[in-house]
Amino acid sequence: MRRTGDLKLIQELNRFIILDTIRQFGPISRSDIAKKQGISPTTVTSAVNELIRDGMVAEDGTGESKGGRKPIMVRFCPDGKFLIGVSITNTAITIAEMNLEAATKQKKIYPVKAGLVSDLIIQYVLDSIGDFLQSVDDVSRCLGISIIAPGIVDAASGVIRFNSKLRLHDVPLKDMAEERFGLNTWLDNDANAIALAEKNFGGGLNADNLLFVTVGEGVGSGLVVNGSIFRGSRGGAGEFGHTTVDRSGMRCDCGNVGCLENYVAWPAIYSGILSAVTRGKETLVMDLADGDMTRITFDVFRQALHQGDQVCQDIVDEIASYMSIGIVNLVNLFNPSLIILGGEMIRDNQVLFERIQKQVMAQAMGTMVEGLEFRPTVLGADFEVKAAAAVLLQDVFHFSL
Ligand SMILES: [Zn+2]
């Protein structure tokens, strides 16, 4: 039995190496694939036939003859199969049909009503996927569903271990989705998945040690260490928002005091603005929100900041200072070569980005910051579903685009 298993694994592995060779170098002839990868021509031929049958590869004209018949070329068909990417956040479920290059073919956003937590949110996620699948042409071409979610996620067993805001404990979402839709399903933590997408699709920097840090409604991070996502023993690694920056600070939902998230995420910014207003400070934020506290959003904050509002600048100084403390700790602990900053707070906020970069470079250990690069996220508006796609494509094909 063992031998058959090994043989099957080798065939499968060869098939993916061949597919990836066609993807990277196609149009390419079968004999050139064999030469490039040192795989026998017979194996290449049978794998290519299978890939053509699956719609992932197509024949594409003839190449130059090197004596004898002109070789038939084959190329990769990224639209031959698709996957369903799903992103769960506290405010919306985003679902997209994506091709094998993580390009979005169609996307729908299902808003999450306030108070939709626990079993209800899980039911809503599954119902939304069910609704979305109605709009998909041919489910038999679907490779599977890849779901990303905030909180502590055990990717290996496909279980959401813990999410305080959505009140989730030990939810076997992978099994639930597989049972209901009959499609292979992947589940991972959102920040981990984004870190992976940044590594695999993020512009070829190919950093094997990178930190992705996100600041928005909350704070999260994904750590790529020696080329792989660093998960910790229960899938909980990367809870950057709950690292301590003040030992006598504010009490946090997690039970500790002085957690980073409570100083830099949106609720903290919002209450910072309100307290400045109550103290009688002049701020453009109130004008931009027409005097209505409930209309103060990220965009309003950003706009006021761009117009040089002092209250907002002070808040950005404060965020930069707390974020830098946290990131310096990560730099000294993990010695990354690349730090990627993302999330609503960083988006279109060059001032904050530069301040964090400057402070980290000044405060982390000298050897650690030699050659250390900072950059904003490059995944664009579809970053969540791209991240979901990265998890599946990495697992199935080991694709780096
Ligand atoms: Zn905490």
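Bear in mind that the values in this text are calculations on the coordinates, not laboratory data. Just so we're clear, the structure is a prediction, and the values are computed from it rather than from any experiment. Neighbour counts are summed over all protein chains in view; Cβ atoms, including those assigned to glycine, are modelled from backbone coordinates with ideal geometry.
Rounded to the nearest 0.05, what FRET efficiency is calculated for SER321 and LYS70 with R0 set to 60 Å and r the Cβ-Cβ distance?
About 0.35, to the nearest 0.05.
Residues in segment 371-401 near a label at LEU9, defined as backbone nitrogen under 16 Å from the 7 Å Cα→Cβ point?
396
Taking 0.36 nm per intervening residue step and subtracting the Cα-Cα distance, what contour gain separates LEU133 from ARG53 on full extension?
Numbers: separation 80, 0.36 × 80 = 28.80 nm, distance 2.37 nm.
Extra length available between LEU133 and ARG53 comes to 26.4 nm.
Where in the chain are the DSSP H helices whose C-alpha atoms run 30 Å or more along the long axis and whose mean Kyte hydropathy is at least 0.0?
Once both thresholds are applied, what remains is 310-334.
Go through 168-178, 118-128 and give me the packing order, highest mean Cβ count within 10 Å leading. Write down the numbers at each step before the final one.
Details: 168-178: 18.5, 118-128: 16.6.
Result, highest mean Cβ count within 10 Å first: 168-178, 118-128.
In whole angstrom, how long is each semi-axis of the equivalent ellipsoid of segment 282-401, when you take the square root of 5 times every eigenvalue of its Cα gyration tensor and sort them from largest down? All intermediate terms of the calculation are to be shown ahead of the outcome.
Working: eigenvalues 190, 103, 19 Å².
They are 31, 23, 10 Å, listed largest first.
Could you grab the Rg to Rh ratio for segment 118-247? Cα atoms only, Kirkwood for Rh.
That ratio is 1.00, to two decimals.
If R₀ is 56 angstrom, what is the calculated FRET efficiency for the pair LYS35 and GLN313, using the beta carbon separation as r and rounding to 0.05?
Working: r = 60 Å, r/R0 = 1.08.
Result of the calculation: an efficiency of 0.40.
Eigenvalues of the Cα gyration tensor times 5, then square-rooted: what semi-axes does that give for segment 204-376, in whole angstrom, largest first?
They are 30, 18, 14 Å, listed largest first.
Checking the a/c ratio against 1.5 first, then a/b against b/c, what shape does the Cα gyration tensor give for segment 180-223?
Oblate, because a/c is 1.5 or more while a/b does not exceed b/c.
Note down, for segment 225-278, the three equivalent ellipsoid semi-axes (square root of 5 times each alpha carbon gyration tensor eigenvalue), biggest first, whole angstrom.
29, 13, 8
Could you order peptides 106-116, 229-239, 275-285 by the average number of other Cβ atoms within 10 Å of their residues, highest first?
Result, highest mean Cβ count within 10 Å first: 229-239, 275-285, 106-116.
Quick one: plug the Kirkwood hydrodynamic radius of the chain (C-alpha pairs) into Stokes-Einstein at 37 °C, 0.692 mPa s, and report D in µm²/s.
Once the numbers are plugged in, D ends up at 141 µm²/s.
Taking just the alpha-carbon atoms of segment 2-76, what radius of gyration and Dmax come out, in angstrom?
12.6, 43
To the nearest 500 deg cm²/dmol, what mean residue ellipticity at 222 nm is calculated for the chain from DSSP H runs of n ≥ 4 alone, each contributing -39,500 (n - 2.57), summed and divided by the residues?
-13500 deg cm²/dmol
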